[in-house]
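Let me begin by presenting the structure, written as structure tokens, before commenting on it.
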Amino acid sequence: MKKLLLTSAFAVLSAFPAAAQDVDPEVISIAHPRPVFDRAQAYIDRIEAIDDAGPMLNAVIAYDPDAALLTLANTERLLEGRTVLVKDNIETREFPTTAGSLALANNNTGRDAPLIARMRENGGVVLGKTNLSEWANFRSSESTSGWSAVGGLTRNPYATDRNSCGSSSGSGAAVAAGFAWAAIGTETDGSITCPASINGVVGFKPTVGLISGELIVPISHSQDTAGPMANSVADAALLLSAIAGPDYGDMGAGDLAYDFTAGLADYSLAGVRIGVMRERCGNFAPLCAVYDQALADLASAGAVLVDVTFASDPAMFGDEYTVLLYEFREGINAYLAGSPADIPVRSLEDLIAFNIANADTEMRWFGQDIFELALQTTDSAAYEAARANSFRLAGPEGIDAMLAEHNVAFLVAPTRGPAWVSDLVNGDNFRGGIGIGSFAAIAGYPHLTVPMGAIEGLPVGLSFIGTAWDDHLVLQAGAAYERARSVTLPQPTLAPWEPLPATGAD
């Protein structure tokens with residue numbers, strides 16, 4: 001599918017008064033390149049060579065081919081003109097915000113979400129928009145992660161026939177493929193951490209409320225959050241510093257604005273008690289072996305490993321689903337009704353009708369049973385009870401109880417298993433019993449995933465999970481693990497998966 005291209009960065013500059021207008025086009029010359037310009041141009045060239053052509057990863061929906069020019073006015077700010085790709089459910093003024101749906105193909109709002117405005121103020125440059133699982137994977141129970149009607153199927157750079165997970169599939173794949181310095185994803189339950197793990201990059205889901213959720217196409221106001229995806233914990237922390245707020249304190253923490261990169265390089269795990277969810281590799285021996293090596297690396301860095309076991313209450317997941325259905329119906333109705341763009345849908349009922357009318361393009365591969373169920377989930381008392389119970393089981397009686405009972409600073413577990421083969425006909429093939437990411441998602445607590453190795457060339461990540469507002473501590477711990485990690489990480493093949501040579505083979 002042909003991408004949306006802005007005709008010129010200078011058109012953007014003239015349309016939107018910003019610091020970038022300080023750049024004088026007459027003094028910009030390829031004959032006198034600047035490092036920040038060269039880096040940005042290299043990312044654009046790579047998108048054109050690998051996403052538009054070659055393996056065609058379909059990670060990027062829209063980009064500005066002249067975005068390198070915008071970097072030059074931002075070199076004295078926090079992000080120093082670094083380029084960032086943005087998941088296409090977050091509003092940016094240059095591009096339509098589609099959530100992957102043809103119903104929002106013309107959702108040109110001309111607005112920046114507050115987190116994007118903060119990023120620009122801090123010297124970041126929006127390079128483009130990334131593909132995603134349509135409607136953030138909340139339309140059908142039989143969907144294939146990474147597919148949208150607008151962007152097609154995102155391919156995993158490590159094995160192009162395998163899945164990139166979702167819903168921030170394009171953001172994870174784009175960072176792994178070298179299309180930008182970093183990307184921004186969103187998560188409701190696993191939508192940053194899963195694609196980060198499977199695409200071999202760092203992903204951070206912050207405490208809900210640390211980043212403004214305004215002007216992001218919603219699922220659940222109690223669980224949704226944006227977050228950074230990058231090649232290192234330090235880069236993720238730097239991007240977080242640029243986009244966090246101004247909604248600090250949504251959960252009562254007050255104004256916590258500070259540098260999330262502080263202390264990352266010096267933080268020591270010596271003597272730090274870490275809760276180890278040892279059984280959460282899903283009885284999958286190859287994953288358990290990679291996890292065991294990560295635990296050995298943590299121990300070699302001086303950490304005190306404490307085995308933690310916990311039997312989750314199935315009611316937590318059922319109640320979470322009730323919450324998501326109820327909040328989605330309310331949230332999407334409000335978002336669609338409030339869009340200033342000329343769009344053909346203004347309610348969930350309109351969306352359902354649009355998909356039926358456009359079933360050949362929107363519902364060729366899977367339907368909209370979640371939409372239909374959300375439309376019927378209207379019992380406010382049942383919703384309130386479900387939210388209270390799911391939060392209690394995930395937070396105070398889940399993560400918080402584990403931390404307190406075992407006197408540990410945070411919990412670690414594998415994030416997900418390796419990427420599965422993409423199958424639009426049969427849908428996703430998740431391996432169950434891995435990780436505890438849903439606890440962090442339901443409670444709204446911070447969750448960081450860091451690459452810990454690979455299985456047959458397919459990346460897997462290590463999760464660090466803490467209590468509310470322990471974002472900085474979790475990032476520091478992840479950075480310390482990065483330094484201690486002893487394994488060699490794989491590189492993207494940009495080709496279909498093939499078995500690695502057997503150990504000891506000629």
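Here is how the numbers come out for the structure above:
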read-out	value
Net charge dipole size for the range 355-506 [Lys, Arg +1 and Asp, Glu -1 on Cβ; Debye, nearest 20]	380
Shape call, the range 355-423: gyration tensor on alpha carbons, a/c limit 1.5	oblate
Relative contact order, percent, the range 30-98 [alpha-carbon distance under 8 Å, six or more residues apart]	30
Listed peptides 237-245, 39-47 by packing density, highest first (mean Cβ within 10 Å)	237-245, 39-47
Cα Rg over Rh - the chain, Kirkwood	0.95
Relative contact order [Cα under 8 Å, 6+ residues apart], the chain, whole percent	17
Förster-model FRET efficiency, 51 Å R0, ASP307 and ALA502, C-beta, rounded to 0.05	0.95
Isotropically averaged projected area of the range 97-198, using the convex hull of Cα atoms (one quarter of hull area), nm²	6.7
Inverse of mean 1/r across different Cα pairs in the range 395-506, Kirkwood, Å	16.1
Equivalent ellipsoid dimensions for the range 302-363 as semi-axes, Å, which come from the Cα gyration tensor, largest first	40, 15, 14
Equivalent ellipsoid semi-axes - Cα gyration tensor, the range 254-306, angstrom	28, 15, 11
Magnitude of the charge dipole, the chain, Cβ model with Lys/Arg +1 and Asp/Glu -1, debye to 20	620
The range 403-446 - Rg over Rh from alpha carbon coordinates, Kirkwood radius	1.13
For GLY453, residues with placed amide H under 5 Å, excluding near neighbours	VAL460
Positive-pole candidate from LEU295, GLN376, ILE356, dipole of the chain, charges at beta carbon	LEU295
Span-like helix ranges in the chain, DSSP H, alpha carbon extent 30 angstrom or more, Kyte mean at least -1.0	314-338
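No value in this document is a laboratory result; all are computed from the given coordinates. What you are looking at is a predicted structure, and each value in this text was computed from that prediction instead of being measured. A quick note on method: Cβ atoms are made from the backbone with ideal geometry, for glycine too, and the neighbour counts reach across all protein chains shown.
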